[in-house]
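Read through the structure below, which is laid out as structure tokens, and then see the notes.
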Amino acid sequence: MRRYLSDKYSTSEESEYADSKTDEASSSTDLTDVDTCSDDDSDDRAWLLADEDHPPEYYLEQLNTFDEAEYAKEDYKPSSTRLLDRIEEQWCQRRGTKVSSSLGTYWKVYRLVYERATGAKLDGRLNRNMHKVLRKLAKKHGLKKTGPEKPCMYVEDLTEVLRTNLMTTEKRYSHGRHRILLQLYLQLGGFTANRPQALLDLCYRHIRVTLLRDPEGGPHRVLLEFTFEFTKEYLGVKDINTFPIPEIIYDPSLSFSPHVFLLGLLFADRAFAAYNLTSPEELSKLYIEPGRNELPLRLNRKLDDIPVFRRSVRTLNGWTISPNEPLPYSTLAPWTKGLGEITGFAQVSRPYSLRYGAGKAFNENALKRNIGNVSEAMQNLMMQHADIRTFLRHYLSRRITADTQAIIRGLQPQDALMRAACTMSRSIDPRRPRRLTTEQSSSVNDHPTIRSLLKQREQLKCRLKGKATKHPKYKALNGEINKERQRQRHVLLKDVKETWEQEQPVRDVELQLAGVQVKAEARVTTDPYEGMLSEQKELVDAVVSLPGTTFEEEIRRRDRAIRAVMQYCKVEEGGMYPAASKLCKRSSGRATPVKTMDEAKIDSRVEALEAARVSVYSEKRPKICFLCLGNENLPIKQRIYSFHTPGDLSKHFKRKHLANIREGEKIQCNLCQVVLAHKMHLQRHADDVHGTVS
């Protein structure tokens, strides 16, 4: 009995730990509050010394009728019972375990929780026996021996992802600064092999900018130094690592340059302590005096604890970057995955793919004994590993990158071909499906579970007779239907992708063998700049420009790119918008194209803005939003966008502006240059002055 309760307690504790790590939620019951069995020695001795004697059949009957659950229920406090119910619910959610390594992970977490709670490690014999049990469980339930592939993002792959992030119009961020931040994150992740959270925790105090003298007599270089404090701290605080990254003059690709993107961010934030150092042109005027080897460019100490990677928040006027809230990993991971899909990778692109790829590069460099710059000790230091075994066991790809055939036969290894065979870029195919079609998405409504839920909703709607939409049960049922639809769409999309991967190559082969070829004139050549914001075009032009022929031209090239980054940090992309010049309105759940101002007026910003201003002041019921028009951070097309009807404008005004007024936020009409006291004052101003009814 006591052992049973102990087992239940251990399982509860492990699950609570896992739940808190996953959802960052805290329980009202502390783990140490779990009620344990009473251990009264006098009662035990009394029972053992009892004079009563029973035949063997009596004890067999007691064993068969013994109800453990009843005793467990009596021994737990109500708070502990709630905790166990919560853990049981979570355990039911784990029924999708498909890989044997997951069982090992659960066991490892339990051991850590046990050690934290008791201060003692589990018996080694018990640990070894448990591994035997896990192997039997994996075999019994047919679990896979290997988990999902851990692809390395080599520099060739990173090149494609960086280019995609700069140029794609399929992915729109809420704010333009996020496109810049993701570019910087990808660069630092690829260069330093740091863990994702260590990069996201980077603050301004961890950055040092220095103008450094070139010991070989070349031009002064801008040196960036990144200090990572928040590395994994298992078994104690680890040493702080600092990565110096020197500027590359005549850089063949500025899309790889952290100097361009970080300096653009610093100038956009006016982060330098020197008051007048506010632009790349002023940076280019600086020099190092004779007798000195560096000129430190200090950052403002007021920004010490401000994260470099910050999230966006919705305000009255749209999206803006939070002044101090960090960007969460839960936001970064889907961005990275989405970029990989847009690029056309077959493998899933994860933030950790950067760490795998950089670690592989460090390891290959360490093996070059005569020309390599990275020793095994240096690799362990950079990756924060105690010894090389951690890298070999958990990071080194199981895909063999050496040309074993050539090595065995004494031939020249085909290194370039082997490298190409092991990259993620090998699988690029723009035809690969990334989302469901409208018909496929609607087909999930025929799933038995969803049909049952829809039937329940209709029955509830009939019973409540017109009051269903506000009833808690109806809302809960709606939420359950939406979640189940999302689950089934996820399963369907996975099936569609797997089917495509299997069948499309077969179709390609059959078409080629049948002599069917795609005619050159049938191929659609799209403009790479189509659908881009004007600021995005300028950013791409500046970053992908060719190196200058002279040092002065190269500095102007760098400064132009930094200036473009600065400007793009102010742009509000606003999320997903159509790539074409036509804008869309939402009506009856469908997106349909509507006419906007003619192309001549859009090309002339001054004329377009003036016409829009006249509209929001002179028309009785205008169709242009006065708040969006006054937001200079929005792209021009969004500022002057004309809704289909005044009613559509009213819906937009309430959904985008009124619903996102934050407590303490300054409410102002930028067109009229007036400060409004509160929300109702804004509504009255919108109706009286600009004809927008809310």
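Observations, loosely collected:
- Sorted on the mean count of surrounding Cβ atoms within 10 Å across their residues, most packed first, peptides 184-193, 685-694 read 184-193, 685-694.
- Selection of trypsin sites (Lys or Arg not before Pro), the range 460-496, meeting DSSP coil and at most 12 other Cβ within 10 Å: Lys465, Lys467
- Net lengthening on full extension, Arg163/Val693 (0.36 nm per residue, minus Cα-Cα): 186.4 nm
- Net length available on complete extension from Glu610 to Gln668 is 18.9 nm, with 0.36 nm assigned per residue and the Cα-Cα distance removed.
- Dividing the convex hull volume of the alpha-carbon atoms in the range 335-396 by its residue count gives 98 Å³ per residue.
- Computed E for Leu511/Glu57 - FRET, C-beta separation, R0 60 angstrom, nearest 0.05: 0.15
- Kirkwood Rh in Å, taken over all unlike Cα pairs in the range 341-458: 18.5 Å
- Order by protection proxy (mean Cβ within 10 Å, highest first), peptides 263-272, 116-125, 161-170: 263-272, 161-170, 116-125
- Full extension of the segment from Lys144 to Leu658, taken as 0.36 nm per residue of separation minus the current Cα-Cα distance, would add 179.9 nm.
- Each 5 Å bin from zero holds the following percent of Cα-Cα pairs in the range 140-298: 1, 7, 14, 17, 18, 16, 11, 7, 4, 2, 1, 1, 1, 0, 0, 0.
- Listed peptides 427-435, 561-569 appear in the order 561-569, 427-435 once ranked by packing, highest mean of other Cβ atoms within 10 Å at the front.
- Spacing of the two label points (7 Å from each Cα toward its C-beta) at Leu122 and Lys473, in nm: 4.5 nm
- Coarse-grained scattering of the range 145-219 at q = 0.11, 0.20, 0.24 Å⁻¹, given as base-10 log I(q)/I(0) from a Debye sum over alpha-carbon atoms: -0.45, -1.06, -1.17
- Those GluC sites (Glu not before Pro) in the range 261-324 that DSSP places in a loop and that have at most 11 other beta carbons within 10 Å: none
- The GluC sites (Glu not before Pro) of the range 479-519 include none that meets both criteria, a DSSP state outside H, G, I, E and B (loop) and at most 14 other C-beta atoms within 10 angstrom of the site's C-beta.
- FRET efficiency for Val155 and Leu464, using Cβ-Cβ distance with R0 set to 51 Å, rounded to 0.05: 0.25
- Calculated over the range 612-678: convex hull of Cα atoms, volume per residue (Å³): 96 Å³
- Separation of the Asp415 and Glu376 label points, Cα + 7 Å toward Cβ, nm: 2.2 nm
- Shown is the FRET efficiency for Leu396 and Lys285, computed with R0 = 51 Å from the Cβ-Cβ distance and rounded to the nearest 0.05: 0.60.
Readers should treat all values here as calculations from the given coordinates under stated rules, not as data from a laboratory. Keep in mind that what you see is a predicted model, and the values were worked out from it rather than measured. With ideal geometry, Cβ positions are generated from the backbone for all residues, glycine too; neighbour counts draw on all protein chains shown.
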